Amino acid sequence: MGVFDFLKRETKQKRDMMAGTAIPGRRARNAMRLVGGIDAARVDRFAETWPGTPVTPDEMLMLWHRILQARSRDMAINDPYMRRFVRGVRANVIGHGPKLRCATKIASTSKSDAKTNAAVAQSWEDWGEADNCDVTGAKSWLQTLLLAASTLAIDGEVFVKTVSSGPYGLQLQMIDAVRCPVDYQLSDTGKGTFIRCGIEYDQVEKPVAYFFTSDDDHANYYAFDGRRYERVPAAEVCHVYRHDMVGQRRGFPWAMSALFRLKRLKGFEDNAAMNAEVGAGKMGLITWDPDSGPEADDDEEIRITAEGGTFLELPAGANLSKWDPSFPDSVIATFTKSLLRGVGAGLGMNYPSLGNDLEGVNFSSIRAGTIEERELWKEDQKLLIEGFCIPVFRRWIAEALLRGMVINDDGYKVPPTRLRAIKRASTFHGRRWDWVDPKSDAAANRQAVDSLIKSPQEIIRERGGDPEEVLDEIAQFYQMAKEKGIPDTAIQAAQGGQVKVAVNEEPDGTASSESNGKSDK
């Protein structure tokens, strides 16, 4: 045994531990020699920079959260593709806003409580005005949702504080995620709780309070590490983010996996544009024959400018060498498309949508891609509805009922005793999209209804509508038509042949005498 053998053993043990293996040295070597080993677990010079030890979500937040947020915000301002992604999130996740549907029933019956439902919908719409919704009076409910969607796309999380103010007893205050510092950690607060990533938790890791940096001397603040924090109870904060890992306490930017590629693509395009601009300028270099030209210590530069259609005479001994950069060439489009495909995969958007490139796209491919992308948008809609819309509505309806502010147009005031029924019967539905092929999809839905595979209500809900509202609007249409003196035959003709046949059919399915123009004589 050599003098330095213990150092070799220690180095080998450290290398095994860095590789994430808990196997002692000899067993690790034998495992690596196995035929058909796991390539992703290789420990060699090709994987030196690949982490081999798992990192907890808390450690990831402490190390990289701030820099990821900073770079995501920078790209959202300066990169057009990142900007396109943010606008896509706003348009597809929010659109015109998730729609509230209240479908309470009259007690002990199955009949719809139309007065209560109308009062809730009308009061909610009135609260959504900027003066009633936002503490600053600057943002309506829809504008707040759009800002929340943008913040989620850029920062990966959004904080909204509910404040007991305004005519309905509830208003919203959006808080910058940077104000909740990820580096604020405290193992024991002395109250049986602990603080991680700026959030206070109880022993079962349920949020108790949030800490936000504050400069307000009158706020309920706490001092730590030279900074002052305002402690806000968790019941007053809506904290929305994607849960990608077990134990994750804060959200990462949604473009996290695509940011580095986006940055390199932006640099590549900037350099290519600069090179093309230089090449278009038709620059040249002046070279001199031996024993000609200026002296070495002469600081005066010789510049020649020319206009179109002119020929210039060079000084004696001078030669003009053309400098014409050939880049960018035809390969740049293919290279850019390849990078953007990877970016689109990381962002969850199709390349044609992200790159505004419909060249070479056929109906089948764009249909398949659009359907898959819309399912991802529905997932984000559900995240925002469950984490933000429903909690805000439930806090709002409780305050509004106690204040007697839930009133319909006829003056009916909903009593506070209906609170539980309203909470149970109220839901939000996100926006839906037009069919990719309306004619084919409508025919498929009609066949599904005829085959008892789908119900008309399901089809209406898939399009973002409310079956009860649709039927009410149809009934109102017929009533208005009759009041205007429009004959029933004209209304039936406007609805199409199938509607006319259905209306004129007898209960046994046979056509009536009026429908076929014959009598049973």
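Every number here is computed from the coordinates shown, using simple stated rules; none is lab data. A quick note: this is a predicted structure, and the numbers were derived from the prediction, not measured. Note that each Cβ is placed from the backbone with ideal geometry, even for glycine, and that neighbours are counted across all protein chains shown.
Please list, in chain and number order, the residues 5+ apart from residue 198 or on another chain whose amide H is under 5 Å from its amide H, with Hs placed from the backbone.
Correct list: 184.
Would you please give the FRET efficiency between residue 461 and residue 338, computed as 1/(1 + (r/R0)^6) with r the Cβ-Cβ distance and R0 = 51 Å, to the nearest 0.05?
Taking R0 as 51 Å, the efficiency between residue 461 and residue 338 is 0.80.
What list of ³J(HN,Hα) values in whole Hz, one per residue of region 107-113 in order, does the Karplus curve 6.51 cos²θ - 1.76 cosθ + 1.60 (θ = phi - 60°) give from phi, with Gly and Pro shown as x?
Those phi angles translate into 3, 6, 9, 9, 7, 5, 8 Hz.
Would you please classify the overall shape of region 399-477 from the alpha carbon gyration tensor, given that a ≥ b ≥ c denote the square roots of the eigenvalues, rounded means a/c under 1.5, and beyond that prolate means a/b larger than b/c while oblate covers the rest?
Judged from the Cα gyration tensor, region 399-477 comes out prolate (a/c at least 1.5, a/b above b/c).
Determine the sum of side-chain charges near residue 165: Lys and Arg each +1, Asp and Glu each -1, restricted to other residues whose C-beta is under 13 angstrom from that of residue 165.
Net local charge, residue 165 excluded: -1.
Dividing the Cα radius of gyration by the Kirkwood radius, what Rg/Rh value follows for region 106-223?
That ratio equals 1.10.
Please report 62, 405, 245 as a ranked list, fewest other C-beta atoms within 10 angstrom at the top and most at the bottom.
Ranking 62, 405, 245 by Cβ neighbours within 10 Å, fewest first, gives 245, 62, 405.
How do the peptides 338-345, 247-254, 408-415 rank, highest first, by the average count of neighbouring beta carbon atoms within 10 Å per residue?
247-254, 338-345, 408-415
What would the Debye equation give as log₁₀ I(q)/I(0) for region 135-184 at q = 0.13, 0.22 Å⁻¹, counting only Cα atoms as equal point scatterers?
Per q value, in the given order, log10 I(q)/I(0) is -0.35, -0.84.
Starting from the Cα-Cα distance between residue 244 and residue 432, subtract it from 0.36 nm times their residue separation and give me the gain in nm to one decimal.
65.1 nm
Order these by the 10 Å Cβ neighbour count, fewest first: 74, 134.
Fewest-to-most Cβ neighbours within 10 Å comes out as 74, 134.
Give the long-range amide H neighbours of residue 174: residues separated by 5 or more places, or on another chain, with amide H under 5 Å away, using H modelled in the peptide plane at 1.01 Å from N.
Here the answer is 161, since their amide H atoms fall under 5 Å of that of residue 174.
Non-local amide H neighbours of residue 228 (under 5 Å, H modeled in plane, Pro and chain starts lacking H): which ones?
Here 214 satisfy the definition.
Between beta-carbons, use under 14 Å as the cut-off and find the net charge around residue 174, counting Lys and Arg +1, Asp and Glu -1.
Taking every other residue near residue 174 into account, the sum is -2.
Considering only the other residues whose Cβ falls under 11 Å of the Cβ of residue 266, what net charge follows from Lys and Arg at +1 and Asp and Glu at -1?
-1
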